[in-house]
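Here's the structure, in structure tokens; my notes come after.
The values are calculated or read from the model by the stated rules, or taken from the named source; none is laboratory data. This is a predicted model, so every value here is computed, not measured. Note: ideal-geometry Cβ built from the backbone for every residue, glycine included; neighbour counts use all protein chains shown. Ligands, DNA and RNA are stripped out before the accessible areas are found, and what is left, the full protein with its side chains, is counted by its heavy atoms. Shrake-Rupley method; radii C 1.70, N 1.55, O 1.52, S 1.80 Å.
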Amino acid sequence: MGVVTYNYDSTSPVAPARLFKAFVLEADKVWPIAAPHAIQSIEVEANPVPGSIVKINFVEGLPFQYMKHQIGGHDENKFSYSYSLIEGGPLGDKLEKINYENKFEAAVGGGSVCKSSMKFYTFGDYVITEDEIKALIKGSEGVYKAIEAYLLANPDACN
């Protein structure tokens, strides 16, 4: 098994607190509304705590039917959260899991910067390439941008 770490930053005109709420605290409500082209539903264990499982169900026609995340934890004061992709999605037979650590920070001039650190745990001697990682990021950006657009169009959402 190998481990590859990749760090990635993305900017948004939306404040960190609203993004954190949309991506962490209210994801099961916001994502299907904001990204109906991709997200059918999100199933969250009651009273989610570290170790709980979140299942994201995709609409028909996408490359994946679902993926499961295991909650690592979150800090509402620092707008940070962590989770592991443990089943479905892009894992296939080459990736055991992907760990994510994300933090929304205030950007100079307004909006925010999402700082992400991803650890890819591979099976055997497989080594994931930077191009493959960038393709995975690009695939998730559609949902990220849809949620961002929803928050911009609905200023009362996730306040």
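The one condition from (1) free of Cβ contacts under 8 Å to residues at least 24 places away in the same chain; (2) touching a Lys or Arg at 6+ places or on another chain (Cβ under 9 Å); (3) more than 19 Å from A157 (Cβ to Cβ) that V49 does not meet is (2). On the stretch given as the stretch 27-36, residues that are in contact (Cβ under 8 Å) with a residue 12 or more places away in the chain, out of contact with any helix residue (DSSP H, G or I) (no Cβ under 8 Å at 6 or more places or on another chain) and surrounded by 15 or more Cβ atoms within 10 Å (Cβ to Cβ) total 2. Only one entry in P50, P90 is at pLDDT below 95 and in contact with a Leu (Cβ under 9 Å, 6 or more places away or on another chain), namely P90. Could you tell me which residue of the stretch 98-122 is nearest to S80 (Cα to Cα), considering only residues that are aromatic (F, W, Y) and either at pLDDT below 95 or within 14 Å of the chain's Cα centre (by Cα) (or both)? Looking at residues that are aromatic (F, W, Y) and either at pLDDT below 95 or within 14 Å of the chain's Cα centre (by Cα) (or both), I get F104.
The condition of being closer than 25 Å to P63 by Cβ, open to solvent by less than 60 Å² (accessible area, probe 1.4 Å) and either out of contact with any His (no Cβ under 6 Å at 6 or more places or on another chain) or touching a residue at least 24 places away in the same chain (Cβ under 8 Å) (or both) holds for only one of S116, S140, S112, that being S116. Among the numbered conditions (1) assigned to a strand (DSSP E or B); (2) more than 13 Å from S12 (Cβ to Cβ); (3) of a type in the set (D, E), the only one that E105 does not meet is (2).
The number of residues in the stretch 37-76 that are more than 15 Å from the chain's Cα centre (by Cα) and charged (D, E, K, R) comes to 4. Among the residues of the stretch 37-57, those that are in a strand (DSSP E or B), of a type outside the set (S, T, N, Q) and open to solvent by less than 70 Å² (accessible area, probe 1.4 Å) comprise I39, I42, V44, I53, V54, K55, I56.
Taking first residues from the stretch 5-21 that are among the aromatic types (F, W, Y) and part of a helix (DSSP H, G or I) and partners that are at pLDDT 95 or above and open to solvent by 50 Å² or more (accessible area, probe 1.4 Å), the Cβ contacts under 6 Å between residues at least 6 apart in sequence or on separate chains come to F20/F79. Evaluating V24 against the criteria (1) at pLDDT below 95; (2) open to solvent by less than 60 Å² (accessible area, probe 1.4 Å); (3) assigned to a loop (DSSP other than H, G, I, E, B) leaves one unmet condition, (3). The residue that is farthest from V113 (Cα to Cα), among those in the stretch 69-89 that are open to solvent by 40 Å² or more (accessible area, probe 1.4 Å) and either charged (D, E, K, R) or not in a strand (DSSP E or B) (or both), is E87. Within the option set T122, T129, being among the β-branched types (V, I, T) and open to solvent by 60 Å² or more (accessible area, probe 1.4 Å) holds for one residue only, T129.
Could you please find all residues in the stretch 22-44 being of a type outside the set (A, V, I, L, M) and closer than 15 Å to N159 by Cβ?
F23, E26, K29
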